[in-house]
Amino acid sequence: MLTVVTGVTGQVGKRFVPRLIQGAPQGDRVRVLVRDEARGEPFAALGAEVVVGDLRDTEVLGKATAGADAVVNIAAAFRGVPDEEAVAVNRDAAIELGRAAVASGVRRFVQVSTGLVYGKGRGRALVETDGSVPGEHMWGAYPESKWQAEEALRGMDGLTDLRIARLPFVYGEGDPHLTAVMQWAPRWAAMQRLHMGHHVDVAQGLRRVLYTPGASGAYNIADDAPVTTVELFQLNGMEVPAEIYDREAPDPWHAVMSTARIRHELGYRPMYPSVWTAQDAGAL
Ligand SMILES: NC(=O)c1ccc[n+]([C@@H]2O[C@H](COP(=O)([O-])OP(=O)(O)OC[C@H]3O[C@@H](n4cnc5c(N)ncnc54)[C@H](OP(=O)(O)O)[C@@H]3O)[C@@H](O)[C@H]2O)c1
């Protein structure tokens, strides 16, 4: 099996690919798409084939998918990019990658998405059959473009084995995300919650979604214990500002996901059920 992975130089991809390569069955191959050749070298050293190019270049997509059996599309533009770029990468390029996969005869396509696609909370954990309800809290070009990509891929002729992985707020293994979140957290309400997943569990979930025979459609990946804004301050060893207690949480169920489906169908069990267990284990 030859698996093509995009977004490998990002926080999720750079931790997922070594696990994918190390855990791959004998004879399986991995090909990565990178924008900068030099950044492909660590993956080449692990035994991956490297294709250099931008996801928005359709010629590159043909090269990347040629002869492949599976695609895992991790690439996304959402960290401080203009809305047009988010749409171009997260929606348009993901759709073109789906088309390229079909044209190349790729059987399986794993689209990495986000729990933000659900939009407004429903007062309970979100399940994969819930649609998208665009909401004010954290809604914008990023979740919208990811949802539109999902929709387009779901309706794409020839893309018969589509699997979608919806990720939570990902942290761990030195990812600066957990500290970076503190640039926003002071504006949130004390009781607002954030659903998280450690990189080791995101990689576990993605591998299960990729490999499990018969897996189909969307799967939420997350841990068992969303944390509050207050806990984010505690995790970062910071004093909790008194004023955050004066704010009402706009949506305490925002992006809080049920993991029942991936547990029951794919055997997923988080190694770190909460960020606190990861902290205890020295895995932040
Ligand atoms: N991290 C989270 O908390 C989180 C939460 C929910 C969902 N997700 C999803 O998980 C995936 C990975 O997130 P991440 O945190 O790893 O993001 P990231 O650190 O920002 O990495 C993004 C990756 O996409 C690549 N990329 C962006 N634009 C590209 C383009 N035009 N052509 C080719 N590659 C391009 C980047 O390449 P360069 O290095 O060349 O820029 C990088 O490898 C995304 O699909 C995201 O939606 C992440």
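The values are calculated or read from the model by the stated rules, or taken from the named source; none is laboratory data. Keep in mind that this is a model prediction, so the values were computed, not measured. In this analysis, Cβ positions are derived from the backbone assuming ideal geometry, glycine residues included, and neighbour counts consider all displayed protein chains. To get the accessible areas, we keep the full protein, side chains included, count just its heavy atoms, and leave off ligands, DNA and RNA. Shrake-Rupley method; radii C 1.70, N 1.55, O 1.52, S 1.80 Å.
Given the criteria under 19 Å from the mean Cα position of the chain (by Cα) and either modelled with pLDDT under 95 or part of a helix (DSSP H, G or I) (or both), does VAL117 qualify?
Details: under 19 Å from the mean Cα position of the chain (by Cα): yes; either modelled with pLDDT under 95 or part of a helix (DSSP H, G or I) (or both): yes.
Against the criterion (under 19 Å from the mean Cα position of the chain (by Cα) and either modelled with pLDDT under 95 or part of a helix (DSSP H, G or I) (or both)), VAL117 qualifies.
Hey, can you tell me all the residues within the stretch 55-84 that are more than 10 Å from the ligand (Cβ to nearest atom), in a loop (DSSP other than H, G, I, E, B) and open to solvent by 10 Å² or more (accessible area, probe 1.4 Å)?
Matches in the stretch 55-84: ALA66, GLY67, ASP69, PRO82.
Of the conditions (1) in contact (Cβ under 8 Å) with a residue 60 or more places away in the chain; (2) open to solvent by less than 10 Å² (accessible area, probe 1.4 Å); (3) in contact with a helix residue (DSSP H, G or I) (Cβ under 7 Å, 6 or more places away or on another chain), ALA185 satisfies every one except a single condition; which number is it?
(1) is the only condition that ALA185 fails.
Listed here are the residues, each with its yes/no results for (1) within 15 Å of the chain's Cα centre (by Cα); (2) open to solvent by 30 Å² or more (accessible area, probe 1.4 Å).
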position	(1), (2)
ASP175	yes, no
MET191	no, yes
ARG207	yes, yes
LEU210	yes, no
PRO213	no, yes
ALA222	yes, no
LEU235	no, no
ILE244	no, no
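Quick check on my filter: what residues within the stretch 8-32 are open to solvent by less than 60 Å² (accessible area, probe 1.4 Å), within 9 Å of the ligand (Cβ to nearest atom) and either free of Cβ contacts under 8 Å to residues at least 40 places away in the same chain or assigned to a loop (DSSP other than H, G, I, E, B) (or both)?
VAL8, THR9, GLY10, GLN11, VAL12
With the requirement that a residue be within 14 Å of the ligand (Cβ to nearest atom) and surrounded by fewer than 24 Cβ atoms within 10 Å (Cβ to Cβ), what does the stretch 85-109 give you?
Selection gives GLU85, ALA86, VAL87, ALA88, VAL89, ARG91, ASP92, ILE95, GLU96, ALA100.
Only one of (1) open to solvent by 20 Å² or more (accessible area, probe 1.4 Å); (2) assigned to a helix (DSSP H, G or I); (3) within 10 Å of the ligand (Cβ to nearest atom); (4) of a type outside the set (Phe, Trp, Tyr) is not met by ALA149, so which one is it?
Here ALA149 clears every test but (1).
Any residue at all in the stretch 33-54 that is within 20 Å of the chain's Cα centre (by Cα), within 11 Å of the ligand (Cβ to nearest atom), open to solvent by less than 10 Å² (accessible area, probe 1.4 Å) and at pLDDT 95 or above?
yes
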